[in-house]
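The values are calculated or read from the model by the stated rules, or taken from the named source; none is laboratory data. What you see is a predicted model, and the numbers here were worked out from it, not measured in a lab. Virtual Cβ from ideal backbone geometry, glycine too; neighbours counted across all protein chains shown.
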Amino acid sequence: MKNNKGALIALASIPLIMTLGNSMLLPILPQISRALGITAFQVSMIITVYGLIAILMIPIAGYLSDRFGRKIVILPSLILAAAGGSVCIAAAWFMVGESAYWVILAGRFLQGIGAAGAFPIVLPFVGDLFKEEEEVSKGLGIIETSNTFGKVLSPILGAYLGTLLWYAPFIAIPILCLISFLLVLFLVKKPKKDEQAQPKNLREFLSDIKNILHEKGRWLYAIFAIGGICMFVTFGVLFYLSETLESQYNLHGASKGFVLAIPLALLCLASYGGGKIIGENKTLMKWLGFGGMVLLTGAMIITGFNKGIYSMIGFLCLSGIGIGAALPCMDALITEGIEKENRGTITSLYSSMRFIGVALGPPVVSLLMVRGHWVLFGTMAAVGLVGGLLTLFAVTPDR
């Protein structure tokens, strides 16, 4: 691992930057809404359009990386993400109102394409860099740590930058992407495995997907859905909390960012702890994942009956712990249950499903908020219950 330490640092910068590029906007969405004169639903689409295009592009990027190489896909993707951020800056600087909004959406569209070809490709790239499974696991642990750290840092950094200028987080995106681009360009060498592997044509690629899903579809579909549910609740609740802290409690800037970071920090700690506990025990993965979904569902039900800010944040923290416990279990079940040569394909599909949750969370919550507190959190509880039932009945590692 020492020989590839620089490469691992460079690759770890990608999930950190891609997470910041999206989640950093959550705490300033109300600010963007006021600056552009748009509705809560419209501003939520700034998050959604990023996720929607990524959903479509991730499997394509996975195939291209298998056929032409990981690095040759990652580098242009980082440039695209930077270009998308630049379009958003130009719109905010030179335009106003809904005209600026539609150009910002176009910039986010480009950024989503870049994200699709960057972070999901990192996971199989780490597998290419190392030969020993233990080294691969450690490398993936570092990548996941970088990803979760980005989730904790993003609301604080985004809220702080928003106090300087409402579109300052957009300015940070091209700068961060350029840093990551240079790190990957100079520190990551093309692994020998890429040179020796026989690339698959599109027909073989699609045939592999069909065969895997036919053989293992039941539990894979369940895990895909659970990953999407976890991201849906996470980003939906963060959107709601951001709006509530600002509109009802007049909390702005870095103070709001720190409050938003609390449930995310607990999510990250639970994710790290869950990854340490499960090891290679698939049965434990199933039951810890189930327990996480039960905790999420219970926390959403109780939150539906509590409008007080302190109790609400407390129970949202519990839901974060539940999600943090479930996600590494689902990740590990896919990794352990799929042959190494096919993991890239399945990982890309799993990533797409998680992006669906990211994309749907804010707009769905913006529509549910007007229907009442209990309707919103009752819906979240129902979604969590579906995830729990899928974990209990469809995820069967013993088979």
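Summary of computed values
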| quantity | calculated |
| --- | --- |
| Filter pass, A254 being farther than 30 Å from F130 by Cα, at pLDDT below 85 and in a helix (DSSP H, G or I) | yes |
| Residue match in the range 370-384 (condition: at pLDDT below 90 and touching a Pro at 6+ places or on another chain (Cβ under 8 Å)) | no |
| Answer residue from the range 269-309, given it is within 26 Å of L153 (Cβ to Cβ), surrounded by fewer than 18 Cβ atoms within 10 Å (Cβ to Cβ) and β-branched (V, I, T) and is modelled with the highest pLDDT among those | I309 |
| Qualifying helices (runs of 4 or more DSSP H) (wholly inside the range 52-166; at least 3 residues being under 23 Å from C230 (Cβ atoms)) | 97-116, 119-129, 133-164 |
| Residue count, the range 47-77 (criterion: closer than 18 Å to T234 by Cβ and surrounded by fewer than 24 Cβ atoms within 10 Å (Cβ to Cβ)) | 3 |
| Residue match in the range 343-351 (condition: in a helix (DSSP H, G or I), under 26 Å from Q248 (Cβ atoms) and under 18 Å from the mean Cα position of the chain (by Cα)) | no |
| Unmet requirement for C317, which otherwise passes all of (1) out of contact with any Gly (no Cβ under 8 Å at 6 or more places or on another chain); (2) more than 30 Å from K131 (Cα to Cα); (3) at pLDDT below 90 | (3) |
